[in-house]
1. Under a crude label model (7 Å from the Cα following the beta-carbon direction), how far is residue 25 from residue 78 in nanometres?
2. Arrange 79, 56 by Cβ neighbour counts within 10 Å, fewest through most, would you?
3. Assuming 0.36 nm per residue, please report the length gained on full extension of the stretch residue 124 to residue 70 beyond their Cα-Cα distance.
4. Could you list 59, 51 so that the one with the fewest beta carbons within 10 Å of its beta carbon is first and the one with the most is last?
5. Considering Cα pairs under 8 angstrom that are at least six residues apart, work out the relative contact order of region 23-74 and quote it in whole percent.
6. Cα convex hull of region 23-92: how many Å³ per residue?
7. Just subtract the alpha-carbon distance of residue 32 and residue 96 from 0.36 nm times their residue separation and send over the number in nm, one decimal.
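What follows is calculated from the coordinates using simple rules that are stated; it is not laboratory data. As the structure is a computational prediction, the values presented were derived from the model and not from experiment. Every residue, glycine as well, gets a Cβ built from its backbone with ideal geometry; the counts of neighbours run over all protein chains shown.
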């Protein structure tokens with residue numbers, strides 16, 4: 001059973017890696033749209049919004065790379081959960097208030113998600129990220145127990 005969970009976690013890591021990479025690269029192509037999205041989430045001035053959006057883009061590409069190469073998966077899971085939550089909370093707020101927020105999740109693509117769709121997408125990604133985190137922590141505990149017994 002443990003082997004199945006590890007393989008599933010590897011597939012989820014690959015999926016999250018590709019998703020974060022596409023998202024980060026897509027946002028670099030359409031950076032001005034993403035700057036506008038950042039300005040709607042947090043009322044920054046234009047220069048600060050540009051800086052913050054570049055930080056978020058680099059962060060997404062870094063997370064995608066870490067997931068894709070299966071390196072520091074526990075840390076990547078925690079950080080990706082934070083990044084996903086960063087966009088989930090304003091999406092929930094926009095949905096409750098009746099605003100239709102285009103998240104520009106993939107930048108260059110013409111995928112436009114409504115408030116509900118945006119929230120569902122982020123909740124599913126959050127669940128996947130937490131799943132990877134739980135499996136990787138279980139793996140560490142199993143290794144520790146084997147060392148203590150051996």
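1. Result: 2.9 nm between the two label points.
2. Least to most surrounded, the residues fall as 79, 56.
3. 17.4 nm
4. Placing the least packed residue first, the sequence is 51, 59.
5. So the answer I get is 38 percent.
6. Taking only Cα atoms, region 23-92 has a hull volume of 79 Å³ per residue.
7. Between residue 32 and residue 96, full extension yields 20.4 nm more.
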